[in-house]
1. Segment 24-82: which chymotrypsin sites (Phe, Trp or Tyr not before Pro) are DSSP loop and have at most 16 other beta-carbon atoms within 10 angstrom?
2. Let me know the shape class of segment 15-113, please: from the alpha-carbon gyration tensor, a ≥ b ≥ c as square roots of the eigenvalues, rounded when a/c is under 1.5, otherwise prolate if a/b is greater than b/c, or oblate.
Amino acid sequence: MHGPASSGWLLVALCAATGVYCLLRMRSGVEEQRSAAGGEALMGFGMAAMAVPAAVFTPPAWVWPAYAVVFGAAGLRALWAARSGRHHLHHLVGAAAMVYMAVAMTGSPAHAHAHGTSGTPVLTGALLLYFTGYVLLAGVRLIPVVAVAGGGAGVPPVPAPGGGPGVGGRAATGWGDRPELARACRLSMAIGMLAMLLPL
């Protein structure tokens, strides 16, 4: 990388690609998957727009309050959805982080798009701690675990529970419904959130 603009564009690309994948996940046949993917797509595109380097585009002053309203509404939706599943609490924290960054940028227009030191250190630290923990936990969950029957060499791996018909005991599902891809998507957004929170 050759400076802040390069890292900003990498963050834009990461978040936008994650948003596109989440839009594709919204075509899933599983309602819960579609609902989660919609919120994650909003988060990905919102983060991508927020990460555009200031040298390229400085948004008008009304953009940051609009961000706060949109992600405040997304946070309320995640809070309501958390009644049926606690994984929505992560969406709530993500939406709260976006509202926090938007408010910090509104309060510091000179540094707004460059992510200047305009946040509250305690709240920034708490969010950094949360997303660091999430990144580590999500990263560990993505590491493939090979369960070997008998522990001997050359023994084929035991299929994961719930493996239906398909290749190697895996259920025949579309690539948009694969849980490891959804986890990788959330991991990417959490890494992006860490990169955006660090300069606050």
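Quick note: the coordinates plus some simple rules give every number you see, no bench work behind them. Computed from a predicted structure; not experimentally measured. Backbone-built Cβ (ideal geometry, glycine too); neighbour counts: all protein chains shown.
1. Numbers: sites: PHE45, PHE57, TRP62, TYR67, PHE71, TRP80; in loops: PHE57, TRP62.
Answer by residue number: PHE57, TRP62.
2. Working: a/c = 3.16, a/b = 1.63, b/c = 1.94.
In terms of gyration-tensor shape, oblate.
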